[in-house]
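The values are calculated or read from the model by the stated rules, or taken from the named source; none is laboratory data. The structure displayed is predicted, hence computed values, not measured ones. Here the Cβ is made from the backbone with ideal geometry for all residues, glycine too, and neighbour counts use every protein chain on show. These area figures cover heavy atoms from the full protein model, side chains too; ligands, DNA and RNA do not enter into them. Shrake-Rupley method; radii C 1.70, N 1.55, O 1.52, S 1.80 Å.
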Amino acid sequence: MAKTVEIGQVGLGAWGKNLLRNFNAINQCHVRMACDSDDMTCARVSEMFRGIGLTTKYEDILDDDKIEAVVVATPPAQHYELAMRAIEAGKDVFVEKPFVLDLEDGKKLVAAAESKNRILMVGHIMEYHPVSLFLKKYVEDGILGEVYYLYSSRINLGKVRDIENSLWSFAPHDISLIMFLLDKYPCRVTATGADYLQTDIEDVSFMTMHFADKTMAHVHVSWLDPHKERKLTIVGSKKMVVFDDTRATEKVWLYDKGVDARMDYATYGEYLNLRVGDITLPHVPGGEPLRLECLHFLECVRNRTKPRSDGRDGLRVLSVLQAAQRSLKQGGVPVEVNEID
Ligand SMILES: NC(=O)c1ccc[n+]([C@@H]2O[C@H](COP(=O)([O-])OP(=O)(O)OC[C@H]3O[C@@H](n4cnc5c(N)ncnc54)[C@H](O)[C@@H]3O)[C@@H](O)[C@H]2O)c1
């Protein structure tokens, strides 16, 4: 039987509770202690999850030698300090997205984890979504043909953050997913956005990643929008596919549509021939992405293996975010992305 991993979690807010619920429901894991600096939150969580030790002091987790791994689910401004202290205390670490708010801090965390031989995983949940794995196979197997361009939207009327803007809050999901699917690095990005509710914190952002081979990926994120959308469209030379994550079922729509060049054309108008074929709704074997992500972390801790979304994956996403932020603050000028190994 798999060894039980003893974990501690810091940050028990809106999302932290979901992580706690998942870790708590996994047999091969025991949540030994959970921490939130807010005592009212601790009291609420102790009502919901009986049997988990609650504390307002993070040191209680760090000082507990039985705790092997720490889950960090606080606001991102605290990620660096809390994750670093956990690594220094000899713990493996799962950090929610956005990894940290500064690329240099991210590099320091990766270096610390590597030098202490600790597992460091970033909560890029879309890399664990069953549909993402399904679409990656489409791309790799050439079902879509050459991927021309992609666009995604992650918008709703939702939680307004007061430190990180919509780009940093939401786009890590899209950037990590797009780079995971394409397995390549953008060479430059452009981004625009606007702050309506709070000075300098953009509520809405539009970002485009440009790849060296002309592939293009556009990302629209906002917490100030009447629609709830979690949608990705991929346009390929052979087929096109839409991943609609707000649907409970039939999340993937595959379109046999495209434009083919004809050899037997008489006029230029006949040269490009529209192909309008079937739409299919392939069955994608399911699983809750968050549970799959938690299971992956535990497996990496147990087997000492590299997480799919390890610290270096976190750095790759940060390098794109940082370039996009620079572009956004300069009115959308193209900014080169420095590639991270
Ligand atoms: N993967 C996803 O889909 C997803 C979704 C939502 C949020 N998130 C991420 O999860 C993280 C938390 O987001 P949230 O919505 O739960 O935020 P939140 O503000 O609701 O909760 C944060 C909690 O952390 C606590 N906290 C803050 N600093 C602390 C410290 N130093 N020590 C102990 N507790 C501390 C706060 O008291 C609060 O209860 C963020 O990084 C966010 O981006 C991820």
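Over segment 31-103, with a single point scatterer placed on each C-alpha, what log10 of the ratio I(q)/I(0) does the Debye formula yield at q = 0.21, 0.25 1/Å?
-0.94, -1.20
Measure nothing fancy, just the Cα-based angle from helix 130-140's long axis to the longest principal axis of the chain, in degrees from 0 to 90, nearest 10.
Rounded to the nearest ten degrees, it is 40.
How big is the Rg/Rh ratio for the chain, C-alpha atoms only, Rh by Kirkwood, two decimals?
When Rh is taken as the Kirkwood radius, the ratio is 1.01.
Calculate, axis by axis, the spread of Cα positions in segment 157-200 along the three principal axes, and write the results as whole Å, longest axis first.
36, 20, 16
Suppose every K and R has +1 on its Cβ and every D and E has -1 on its Cβ; what is the size of the dipole of segment 48-148 about the Cα centre, in Debye to the nearest 20?
For this selection, approximately 180 debye.
Please give the solvent-accessible surface of residue 253 in Å², to the nearest 10, using a probe radius of 1.4 Å with every protein chain present.
70 Å²
Quantify how much of the Cα-Cα distance distribution of segment 2-155 extends past 25 Å, in percent. Mind showing how you got there, number by number?
Numbers: 4385 of 11781 pairs.
Value for segment 2-155 (Cα pairs over 25 Å): 37 percent.
With +1 on the Cβ of every Lys and Arg and -1 on the Cβ of every Asp and Glu, and nothing else charged, how large is the dipole of the chain about its Cα centre, in debye rounded to the nearest 20?
600 debye
What 222 nm value per residue comes from the helices of the chain, counting each DSSP H run with n ≥ 4 as -39,500 (n - 2.57) and dividing by all residues, nearest 500 deg cm²/dmol?
Calculated at 222 nm, the ellipticity per residue is -10000 deg cm²/dmol.
How many percent of all Cα-Cα pairs in segment 4-71 sit more than 14 Å apart?
51 percent
Test of understanding: what is the full-extension gain from residue 21 to residue 265, defined as 0.36 nm times their sequence separation minus their Cα-Cα distance?
The residue 21-residue 265 span can extend by a further 81.7 nm.
For residue 81 and residue 246 in the same chain, what is the full-extension length gain: residue separation times 0.36 nm, less their Cα-Cα distance, in nm? Present the calculation step by step, with values, prior to reporting the outcome.
Working: separation 165, 0.36 × 165 = 59.40 nm, distance 3.41 nm.
That pair, residue 81 and residue 246, stretches by 56.0 nm at full extension.
For helix 311-329, what angle does its Cα long axis make with the longest principal axis of the chain, in degrees from 0 to 90 and rounded to 10?
Approximately 60 degrees, to the nearest ten.
On average, how much area does the Cα convex hull of segment 196-274 cover when viewed from any direction, in nm²?
The directionally averaged projection comes out at 8.8 nm².
Where the only charges are on Cβ atoms (+1 Lys, Arg; -1 Asp, Glu), what is the dipole of segment 216-327 about its Cα centre, to the nearest 20 debye?
Details: 18 positive and 15 negative charges, 105 e Å.
Roughly 500 debye, rounded to the nearest 20.
For segment 109-202, what log10 I(q)/I(0) values come out of the Debye formula at q = 0.21, 0.23 1/Å, with one point per alpha carbon and no solvent?
-1.16, -1.22
Given a 1.4 Å probe and heavy atoms of the protein chains only, how would you sort 203, 195, 39, largest accessible area at the top? Mind dumping the intermediate values first?
Details: 203 0, 195 60, 39 105 Å².
So the residues, ranked largest to smallest area, are 39, 195, 203.
Taking each pair of distinct Cα atoms in segment 236-341 once, what is the resulting Kirkwood hydrodynamic radius in Å?
Details: mean 1/r = 0.0533 Å⁻¹.
In segment 236-341 this quantity evaluates to 18.8 Å.
Using only the Cα atoms of segment 107-163, build the gyration tensor, take square roots of its eigenvalues as a ≥ b ≥ c, and label the shape rounded, prolate or oblate: rounded if a/c is under 1.5, else prolate if a/b is larger than b/c, else oblate.
It is oblate, given that a/c is not under 1.5 and a/b is not larger than b/c.
Output the 0 to 90 degree angle, nearest 10, between the alpha-carbon long axis of helix 289-303 and the longest principal axis computed from the alpha carbons of the chain.
That helix lies at roughly 60 degrees to the long axis.
Top to bottom by accessible area (1.4 Å), largest first, where do 283, 173 land?
On the way: 283 145, 173 30 Å².
I get 283, 173, largest accessible area first.
How high is the FRET efficiency from residue 338 to residue 59, r the C-beta distance, R0 56 Å, rounded to 0.05?
0.95
As I understand it, the dipole of segment 1-129 uses +1 on the Cβ of Lys and Arg and -1 on the Cβ of Asp and Glu, about the Cα centre. Which of 7, 27, 45 lies farthest toward its positive end?
Highest projection toward the positive end goes to 27.
Residues with amide H under 5 Å of residue 94's amide H, sequence separation 5 or more or different chain, H placed in the peptide plane at 1.01 Å from N; which?
70, 71, 72, 121
Take segment 159-250, drop everything but the C-alpha atoms, weight them equally and run the Debye formula without solvent; then report log10 I(q)/I(0) at 0.13 Å⁻¹ to two decimals.
So the normalised log intensities are -0.50.
Just want the answer: with Cβ charges of +1 for Lys and Arg and -1 for Asp and Glu, which residue in 303, 98, 163 is farthest toward the dipole's positive end in the chain?
The one lying farthest along the dipole's positive direction is 303.
Quick one: what are the phi-derived ³J(HN,Hα) couplings along segment 255-269, Karplus 6.51/-1.76/1.60 with θ = phi - 60°, whole Hz, x for glycine and proline?
Once rounded to whole Hz, the list reads 9, 7, 10, x, 10, 9, 7, 9, 8, 9, 8, 9, 10, 4, x.
Taking the simple approach of a point 7 Å from Cα along Cα-to-Cβ for both residue 299 and residue 159, what is their distance in nm?
With each label point 7 Å from Cα toward Cβ, the separation is 2.7 nm.
Between 81, 288, 270, where does the largest GNM mean-square fluctuation fall for the chain, given springs only between Cα atoms within less than 10 Å?
270
Could you derive backbone 3J(HN,Hα) for segment 145-157 from the dihedral phi with the Karplus parameters 6.51, -1.76 and 1.60 (θ = phi - 60°), listing whole Hz in sequence and x where the residue is Gly or Pro?
Those phi angles translate into x, 6, 6, 7, 7, 9, 8, 9, 10, 9, 9, 5, 9 Hz.
What is the extension gain from residue 39 to residue 306, computed as 0.36 nm multiplied by their sequence separation minus the C-alpha to C-alpha distance, in nm to one decimal?
Gain in length upon complete extension: 92.6 nm.
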